[in-house]
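Read the structure below first, then the notes.
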Amino acid sequence: MRTLKLHFPDEALPTLDTFLKQTKEVRVFRRAQAVRDVVQGQRLQTVSNTLHFTYSALRKWVHRFAHQGVQGLADRPRPGRPPKGTCALAQHLNRLVDQDPLQHGSLHSQWSCQELATVLARETGVQVSRESVRDVLKKRT
């Protein structure tokens, strides 16, 4: 394996320590933790074995940090269609769940995901699947 020939500025460790205290995302936290260990002088192979990263993934994160700083540790946008479920839609759904289904023309006294999707589409004009409704409800609990 080739040796890593990167030089980090003196403020790299304090920057990573501050970032570790502020970040909320687990994946980004683990990346920053691994990069911090490398910046402190540990070998890439040792850190990748200890924190269960592949060697190539850790090398990529270290290079991104060296060139972009802590912004390089964040997830990049993923390709594909963006999700339909916005925050406003989730809030509308949460309000709807707290209401009686009979008030919305349902034949049943309990909501089903399909029925919630139908009422949500009628009230907001946005078509969502019952699985999308289910995902929002799972996050609610």
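The values are calculated or read from the model by the stated rules, or taken from the named source; none is laboratory data. Note that the coordinates shown come from a computational prediction; the quantities given were computed from them, not determined experimentally. No Cβ is skipped: glycine too gets one built from the backbone with ideal geometry, and neighbour counts run over all protein chains shown.
Overview of values
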item	result
Test for ALA74: is it of a type in the set (A, V, I, L, M), closer than 27 Å to ASP135 by Cα and modelled with pLDDT of 90 or more	yes
Answer from GLN91, GLN71, GLN45 - the residue that is in contact (Cβ under 8 Å) with a residue 24 or more places away in the chain and either surrounded by fewer than 15 Cβ atoms within 10 Å (Cβ to Cβ) or touching a Cys at 6+ places or on another chain (Cβ under 9 Å) (or both)	GLN45
Residue, nearest to PRO101 (Cα to Cα), within the range 113-138, restricted to residues that are in contact (Cβ under 8 Å) with a residue 12 or more places away in the chain and among the charged types (D, E, K, R)	GLU115
Filter result for ALA88 (in a helix (DSSP H, G or I), among the small types (Gly, Ala, Ser), within 30 Å of ARG140 (Cα to Cα) and touching a helix residue (DSSP H, G or I) at 6+ places or on another chain (Cβ under 7 Å))	no
Tally, over the range 1-33, of residues that are closer than 16 Å to GLN68 by Cβ and not β-branched (Val, Ile, Thr)	10
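For every residue, the table says whether it meets (1) outside any loop (DSSP other than H, G, I, E, B); (2) surrounded by fewer than 18 Cβ atoms within 10 Å (Cβ to Cβ).
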site: LEU20; (1), (2): yes, yes
site: ARG31; (1), (2): yes, no
site: ASP37; (1), (2): yes, no
site: VAL62; (1), (2): yes, no
site: HIS108; (1), (2): no, yes
site: GLU123; (1), (2): yes, yes
